[in-house]
Amino acid sequence: MQTPTTTPRDINPTEDGTALRIVWEDGHESVYLPFDLRMSCPCAGCVDEGSGRRTLTEAMVAPNVYPTAIHYVGRYALQFVWSDGHDTGFYSFDLLRGLCGCEECEMPGPPRRSSQ
């Protein structure tokens, strides 16, 4: 179920083009580095379906990996086509919001509304 915290308002590269920026309907802004997104791929080739253990290791991904294309999957996810040829992961908006590593999202306690 989409909520303002998991509904993107704007999805674009950062101004310097080195990362992906998502502004959510609740006003929060998340910035994702390509390598971190690639390492978070949720597909069966990167995560063992039975155990949930991540099988993709940092040694398997080039540090300069980047998306060559980004596709919407319905109204719930993004699919990245990576420079290393990988393209099977669907990154749900719930997953992407959960991957936000900003200081606000890392704080313990109840969720805080952004001031934007």
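Bear in mind that the values in this text are calculations on the coordinates, not laboratory data. Here the structure is a predicted model, which is why all the values come from computation and not from measurement. All Cβ positions, glycine included, derive from the backbone under ideal geometry; neighbour counts span all protein chains shown.
Could you tell me whether the range 41-58 includes any residue that is surrounded by fewer than 17 Cβ atoms within 10 Å (Cβ to Cβ), of a type outside the set (Val, Ile, Thr) and closer than 20 Å to residue 103 by Cβ? For the range 41-58, residues surrounded by fewer than 17 Cβ atoms within 10 Å (Cβ to Cβ), of a type outside the set (Val, Ile, Thr) and closer than 20 Å to residue 103 by Cβ: absent. Taken together, the residues in the range 12-34 that are within 22 Å of residue 64 (Cβ to Cβ) and either surrounded by fewer than 16 Cβ atoms within 10 Å (Cβ to Cβ) or among the small types (Gly, Ala, Ser) (or both) amount to 12.
The set of residues from the range 90-103 being loosely packed, with under 14 Cβ neighbours inside 10 Å and either outside any helix (DSSP H, G or I) or in contact (Cβ under 8 Å) with a residue 40 or more places away in the chain (or both) comprises 101, 102.
Would it be correct to say that residue 72 is under 15 Å from the mean Cα position of the chain (by Cα) and free of Cβ contacts under 8 Å to residues at least 12 places away in the same chain?
Details: under 15 Å from the mean Cα position of the chain (by Cα): yes; free of Cβ contacts under 8 Å to residues at least 12 places away in the same chain: yes.
It is true that residue 72 is under 15 Å from the mean Cα position of the chain (by Cα) and free of Cβ contacts under 8 Å to residues at least 12 places away in the same chain.
Selection of first residues in the range 1-27 that are at positive phi and of second residues that are part of a loop (DSSP other than H, G, I, E, B) and of a type in the set (Val, Ile, Thr), restricted to Cβ pairs under 6 Å at least 6 apart or on distinct chains, gives an empty result.
Can you name the residue in the range 77-89 that is assigned to a loop (DSSP other than H, G, I, E, B) and surrounded by 16 or more Cβ atoms within 10 Å (Cβ to Cβ) and, of all such residues, is nearest to the chain's Cα centre (by Cα)?
Residues of the range 77-89 that are assigned to a loop (DSSP other than H, G, I, E, B), as a first pass: 83-89.
Among the residues that remain, those that are also surrounded by 16 or more Cβ atoms within 10 Å (Cβ to Cβ) are: 86, 89.
On the way: 86: 15, 89: 11 Å.
It comes out as 89.
Scanning the range 23-38 for any residue that is closer than 20 Å to residue 62 by Cα and small (Gly, Ala, Ser) turns up nothing. Each residue in the range 1-10 was checked for being of a type in the set (Val, Ile, Thr) and buried (at least 16 other Cβ atoms within 10 Å of the Cβ), and 2 pass. For residue 48, the criteria (1) in contact with a strand residue (DSSP E or B) (Cβ under 9 Å, 6 or more places away or on another chain); (2) of a type outside the set (A, V, I, L, M, F, W, C); (3) touching a residue at least 12 places away in the same chain (Cβ under 8 Å) hold in every case but one, which is (3). Annotation: of all residues in the range 13-51 being over 14 Å from residue 79 (Cα atoms) and among the polar types (S, T, N, Q), the one that is nearest to the chain's Cα centre (by Cα) is 30. Among the residues of the range 52-63, the ones that are over 17 Å from residue 42 (Cβ atoms) and touching a residue at least 12 places away in the same chain (Cβ under 8 Å) come to 2 in all.
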